[in-house]
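Please read the structure below before turning to the comments.
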Amino acid sequence: MTPAENKPSPVWTRKDLTGLEDLSRQEIETILDTAPQFVAVSKRESGIKRVPLLQGRLIVNWFFEPSTRTRTSFEIAAKRLSADSLTINVQASSSKKGETLHDTLDNIEAMHSDVVVIRHNCAGAAHILAQHHDSHIINAGDGAHEHPTQALLDAFTIRDHVRRQREDSNATLDGIRVAIIGDISHSRVARSNVWGLTKLGASVILCGPNTLMPPEVGRMGAETTSNLRDAIAGADVVYALRIQLERQQKCLFPSIREYIRLFRIDNESLKAAPAHALVMHPGPINRDIELAAEVADGPRSVVLEQVSNGVAVRMAIMHLLVNGRAA
Ligand code: NCD
């Protein structure tokens, strides 16, 4: 038996994971504290990256929007937990023939699904399904609303670095300052990170053009600025967001060149940040627009660590949802 198979599941009471707005600090920490055993599974020297915790369970990935990282991350996480997993090809599915989400899910559930991972362009889609169906629903991004698993893997990655920098395996995010830069309006990643990071004790400053800064973020507990230097001076983490051109209905900044001049994270603008600051991005990166290649591939970037940690954090979430309540 390995530690991951041995360990009793921490107590977890929720059926679904639809957002971080409703989770408590303790619940978020339970997820983060469950993930390291799964990091270890993925790094096993034997090369056998699998534990039987979800053996015989059926996990369905249901993605209505393009995704590479998140979808493959969930698929890999399911396989590493020994679950059966499948991805619905939405372009070739009955949704195209007018079937409602509820009807489709009723049919999936008639085939005895255990976990349904959904990405949808409408805010609230995962939440509504979670209220009316028995499967464990995981929100893999709903419109511009929330992307909880991304924010959890981000918090895990930051905490891991803080613990290593301080040589303290119990260090928390209390007092850590995170600057999130870019297209805040259209970013579910920014919203979930504000909820998650502030609950964990970090402070968040959001920075971008005023036209991409929605008024409600102030009420979520984050500071705001349109000055990049002010945002990243004193930041422990500089988090760049993708400019989501596909969600922008009208021209929200004068030109890409203007955006780059004011908001791009590159070696020059990073001079305003402390030497220890990490650089993060959820991917996919518009190289040399929001993040210069020299920084994306440079020593401060933890972008690929975010991706690796994503598998472990998603394994932790699926394990807790399915097995946590039985503990
Ligand atoms: C993000 C998303 O889809 O919200 N990407 C991701 O899940 N890794 C961010 C983005 O698309 O810009």
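What follows draws every value from the coordinates through simple rules; no lab data is involved. No experiment lies behind these values; they were computed from the predicted model shown. Note that each Cβ is placed from the backbone with ideal geometry, even for glycine, and that neighbours are counted across all protein chains shown.
If amide hydrogens are placed 1.01 Å from N in the peptide plane, which non-local residues have theirs closer than 5 Å to the one on Ile243?
Asn286, Glu290
Between Ser67 and His132, what's the calculated FRET efficiency when r is the beta-carbon distance and R0 is 22 Å? Round to 0.05.
The pair Ser67/His132 has a calculated efficiency of 0.35.
I need the fraction of alpha carbon pairs in the chain separated by more than 37 Å, rounded to a whole percent.
16
Which value in deg cm²/dmol, rounded to the nearest 500, describes the helix-derived mean residue ellipticity at 222 nm for the chain, given -39,500 (n - 2.57) per DSSP H run of n ≥ 4 and division by the residue count?
For the chain, the value works out to -11000 deg cm²/dmol.
Quote to one decimal, in nm, the extra length available between Asp84 and Arg287 on full extension: 0.36 nm per residue of separation minus the C-alpha distance between them.
So the chain would gain 69.5 nm between Asp84 and Arg287.
Figure the gain on full extension for Glu258 and Glu216 (residue separation times 0.36 nm, minus the Cα-Cα span) and round it to one decimal in nm.
Answer, rounded to one decimal: 12.6 nm.
Test of understanding: in a Gaussian network model of the chain with alpha carbons linked when under 10 Å, which of Glu65, Glu305, Glu167 would top the mean-square fluctuation ranking?
Of Glu65, Glu305, Glu167, the most mobile in the Gaussian network model is Glu167.
Can you tell me the FRET efficiency between Cys122 and Asn227 if r is taken as the Cβ-Cβ distance and R0 is 45 Å, rounded to the nearest 0.05?
The pair Cys122/Asn227 has a calculated efficiency of 0.85.
Need one number: % antiparallel among DSSP beta bridges in the chain, to the nearest 5.
Antiparallel bridges make up about 5 percent of those DSSP assigns within the chain.
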